[in-house]
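Some notes on the structure that comes next.
Read the figures in this text as sums done on the coordinates, not as results from a lab. As the structure is a prediction and not an experimental result, all values here were calculated from the model. Glycine also receives a Cβ, built like all others from the backbone with ideal geometry; neighbour counts cover every protein chain displayed.
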Amino acid sequence: MGKRLLVGLGALVSVFAATLILSHQSGAQQPVPGKTPAAKFDSSSMQGPRQPIFFRHDIHVGQIQMQCQYCHYSVGVSNEPGIPSMQTCMGCHFLYVTGRTPENKAEIKKLVAAWNAKKPVEWLRIHELARHVHFPHSRHIKALGPQACATCHGNIARMPQVYKVNNVNNMGFCITCHLERKVTRDCSTCHY
Amino acid sequence: MAGQTEADGVDRRQFLKVLGTVGGGAAVLSGCSTDRVAKLVPYMVQSEDQVPGIPTWYASTCAECSSGCGLHVKTREGRPIKLEGNPDHPINAGTLCSRGQAGLQALYNPDRLAGPMAKNAAGTWDAIKWDDAIARFAARVGAAHGELAVINGYGASTFSSLLTRWTSALGGFITNFEPFSREAERLANRKSWGRTDLPVYDFAAAKYIVSFGADYLETWGSVVEHQRGFAASHGFHDGGMSRAVFVGPRLSLTAANSDEWLNVPPGAEVLVALAMAQVIAAKHGHALAGSLSRYSPGKVARETGLTADQITTLATAFAAASPSLAVAGGVGAQHRGAIDLCQAVNTLNEVAGNLGRTVQFGSAPAASEGYGAIQPLFDRMAKGEFQVVLVHDANPLYTLPRSGKFAEAFAKVTFKVSTAAILDETAKACDLILPNLHGLERWDDLTPRAGITGMMQPVIEPVRGGLHTGDVLLKAAKAVGGAVAAFSAPSFEAYLKGEWQKTLNAADFDTAWREALGKGGMFSAAPAAEQPKTAAGSEVSYTTPVFDGNGDYIFMPYPSMQYHDGRGANKPWLLENPDPITKITWQSWVEIHPDTAEKLDVREGEIVELASPHGTLRVPVYVYAGVRPDTFAMPLGLGHTEYGRYAKDRGVNALDLLGAADGQGFLPYVATRVSLARTGDYRKVARVDGMPRQLGRGIIQSMPIAYAAKGMTPEQSYKAAGGSFPESNTELERTALEGWRERQLEQTRVGNYAADNMPKWGMAVDLSRCTGCSACVTACYAENNIPTVGEEQIFRRREMSWMRIERYWEGGTGGEPLQARFSPVMCQHCDNAPCEPVCPVYAAYHTPDGLNGQVYNRCVGTRYCSNNCPFKVRYFNWLKFNDTAWPEPLNLQLNPDVTTRARGVMEKCTFCIQRIRGVQNTARLEDRTVRDGEIVTACAQACPSGAIKFGNVKDPAAEVVQWKRDQRGYTMLEEANVRPSVTYLAKVLHVEPAAFHGSEER
């Protein structure tokens, strides 16, 4: 799109970013080099961006079989799925769960360190919808059920490091599904 | 849990400690909120959690003026994005005026000070730390030994009582200053009834309203409450409506909404009031009849420019319509005879039997002091009686006339302190600035009148480095020691709670406190109305007011609806929202009658020099038939020399022409004669209106009340009055349109979006309720991220007001009275929309639910749609307005649910589609259909008159359908066959059918 329609929204702290951080600053999601201790397990060869903490969706969702909504708590009620707070992580990790392998222990230590320093972990965003699109997560969960996340996000349970399976900014991806299911194709459903 | 292994050095205690400091579960969950936010009590959403994507609402109180309207603050992810009225609040009942809504731009104003500042020897500012600032303040206050003056502009509240007690503990002197403080009314009430409190006026109950220069819909008193009352009585309902008359030299917005404007010279209003009282008293044999006999209509008619018959008729009708209501005391009638005028109106209300009915004493609006109190204080400053002065929430060096040498007197004080959050004129003259927090950032309360106390709670972390002045006082008290050290509360929040604990007196204070916060305050029933006793010797007298100078014209400054006493001048929403009468934005003007303009050979935009004995100023002319030929009128509020980037050096300050010395106890605003000199310079006036007349296009239609009561349609009414009514749809056109919308829907029908199940959104606007106040316009700007474009772009007609108030003039020639017609005009969402077929990229298209959709990301900016729109409600984003309109941190006000549009895109009203979709999503989640009234557009929500109704027109039970069925309904430009979704209900006029021509409308 030649037009820079959606500029100026840098102003609008994106909801994802806003939920990630406690402070008023936004944007800088790249951890400061040197300050972040190097992960013992180098995930950089895997698909998807390397996160400040090598959070294992495959363990949490695949092995432990946690529900997506346990962490992405507002996905069923709001446009925004929500990012788990640090407290949610620490709810399990502060006493009991310290990891089995040295690699995992090292990653969990990073989490605990961040908690103690009162610095939220600045995750890298994988899926970012263009700002002229309004995607109500809740309605899709309502229509397709709580297991429907995979429809767009792929099989997260098998992803040690999350990567983008579908380009959610490709409108054809949306429309294909809407055509198949014979639901609205009205522009103003999403664009306003 | 004992004996559990501790993971990586975090023990349970530390876990809880971290939790506590970060603020508890809610705060951590909500991400960007902080401990302050987490402790708040949400009102709408019962859960304390802030759920991303879902707004959290907090109740608060508006501090933009002393009316004390209740607020509901919409916050998203921890930042307020819109201010709406609190539906439970007895004053504003869910609505809010433009100035109140623009409070958000005071919160996020880019010119807010980053922290305390001290003036150094060179006269420039040093940024200092708060501890240092408070230490300096305390040292000076402690060493002043009672030579301390405090000017407090904040209304009656726990804070103000703390400040009063703090000042008296230090042996200082305090004035509760408000520029428009209605002193003349208080002084008149003392003369009439021996009491200085003000009554509350019940406009809703009044069947006949006469205002003597009081702009009750604009700036006089509690305007939102007045507007609600006015709409209730003067809006056409059950076949009738009240009648309103305005007596004064200028056709203000209030006058324009009245049924009759009696154009009386400044100073002669009192004679009309006295003559009316005389007629009524004589008829009823009232005790005052004797003393009033000197003022019979026959005796005073000549001076008022009215006929004796006119006054007698008015008085008779006024007395017959019981209860009626007469009000006086606006700034525009504040000449040297203002006390006489207010007293005469008191008498009028008394003889008409309105006391205790529409004029209710007993729940007095909080008393403030004005010029009568501040002038002696400055005299004392000039004599060097004060070492320290503290100015809080006031800007006296701007709001007092320059000729009074107040700045010079102020400079005589050794150490001057201001708590202004933005460097204003007074702060600039100070030595220390301790910026206060905004009302949305602090704990506070406000008691606009007995029985109503609104609460404020911080809904956001301080945007800039301010500190609550209450905290400053408490900390300084501790540092000073002595008597003032009795204020031992650790913080103002604790002090406030402590004081409330005394008043609430509840067994469970915490619950009662949280309830009050959630509700927005404590609203007890108003105290029983007291019947004032006529004071002995309340003989009405009258002296002709004198005017300074010997110029040919009386100078009449009046408070601007948008800027009030000048405090609104730094908010772009208010600067861009045009004055409802003149439609001028971003600058000052002087109003001159067309005959006078012709005589003086001046034209619109010509800069003239006005000279009074007290000063001169140069200002562009606006030729206006609604001002007397012997009077020049000019709005107050602009002409700041400081006060941030938006206000500084914009326009001129009308106070520069006024005198200051006066011993009457108030500032007579209308007390100067001026002369005019042409300068030959020219400055374009940034007006946003187009053609001032309707030229028979029937855009804003009206009908006589007799026809409306008979249930006639506007068309029948025009025909009955002998007007022509163009044949709107020819047979051919009708055939062409047959089934058009159905075919459109057929084409868009996909899957379960079957057209039959789809709602069709529509709107109805009752023009007999709309006053043109423009609150809806500000609401639209706030809701839809509409950029303000500035004066330069308005010259080029590039304003982006998706919703505008059209103002057309009627009459004014050939002996017919000059009348205004107001109507909000937003996208009409035509069924047969001309904008849609011309779009080459399908950006403008018809949605299945009946909207004229506009897909911003498709738009390539051909502007064909705008060219084809008969209503001109499509606005093209010519420049990078979204880069310039919201300098940080103003950008924080943006609504995340609405796309901000870039350059080269056509924008328009969407019936607040984000609200429609939001409610539809919620309804779907709850497995139900959308309820009627659940979707409220921003304009309908804000409207103090309740003139706008929105809903699904396919639902026969919907309120909007009831409105649309009203016989007064019509659609704009019906002959264009565009089939709008907006129905207007014709304005109803108090006019005899025989006198109704409607020739200009139709």
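Quick look at the values:
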| item | result |
| --- | --- |
| Long pairs among B:880/B:964; B:82/B:710; B:129/B:880; A:182/B:908, criterion Cα-Cα beyond 31 Å | B:880/B:964; B:82/B:710; B:129/B:880 |
| Cut-off of 10 Å, at most 11 other beta carbons, DSSP loop: longest stretch of chain B lacking such GluC sites (Glu not before Pro) | B:1-726 |
| Gyration tensor verdict on region B:184-360 (Cα atoms; rounded if a/c is under 1.5, prolate if a/b is larger than b/c, oblate otherwise) | rounded |
| Amide hydrogen neighbours beyond the local backbone of residue B:67, cut-off 5 Å, H modeled | none |
| Ellipticity estimate at 222 nm from DSSP helix runs (n ≥ 4, -39,500 (n - 2.57)) divided over chain B, nearest 500 | -8000 deg cm²/dmol |
| Cα gyration tensor shape of region B:305-440, rounded if a/c is under 1.5, else prolate or oblate by comparing a/b with b/c | prolate |
| Phi-based couplings in Hz for region B:383-397 (Karplus 6.51, -1.76, 1.60; Gly and Pro marked x) | 7, x, 7, 10, 8, 10, 10, 10, 10, 10, 6, 8, 9, x, 6 |
| Under-5 Å amide H pairs with residue B:626, H placed in peptide plane, nonlocal only | none |
| Relative contact order, percent, chain B [alpha-carbon distance under 8 Å, six or more residues apart] | 14 percent |
| Whole-Hz ³J(HN,Hα) from phi, Karplus 6.51 cos²θ - 1.76 cosθ + 1.60, for region B:179-188, glycine and proline x | x, 9, 9, 6, 5, 4, 5, 4, 5, 5 |
| Per principal axis, descending, Cα span of region B:324-397 in whole Å | 52, 27, 18 |
| Between region B:966-989 and region A:84-132, the Cα center-to-center distance that results, in Å | 60 Å |
| Region B:130-151-region B:885-921 distance, computed between alpha-carbon centres (Å) | 46 Å |
| Spatial separation of Cα centroids for region B:808-822 and region B:203-282, in angstrom | 18 Å |
| Residue (of B:434, B:387, B:313) at the positive-pole extreme of region B:299-446, dipole from beta-carbon charges | B:313 |
| Per-selection Rg to Rh, the protein assembly as shown - Cα, Kirkwood hydrodynamic radius | 0.98 |
| Largest to smallest principal axis extent of the C-alpha atoms in region B:702-995, angstrom | 56, 48, 39 |
| Nonlocal amide H pairs with residue B:548, under 5 Å, H built at 1.01 Å | B:672, B:673 |
| Reachable lysines from residue B:191, criterion Cα separation under 23 angstrom, eight or more residues apart if same chain | B:533 |
| Loop-resident sites, region B:940-986, for trypsin sites (Lys or Arg not before Pro), counting at most 16 other Cβ within 10 Å (DSSP) | B:954 |
| Per-residue HN-Hα couplings for region B:845-851 [Karplus 6.51, -1.76, 1.60; θ = phi - 60°; Hz; x = Gly/Pro] | 8, 9, 7, x, 9, x, 9 |
| Diffusion constant of chain B at 25 °C, which comes from Stokes-Einstein with the Kirkwood Cα-pair radius and 0.890 mPa s, µm²/s | 82 µm²/s |
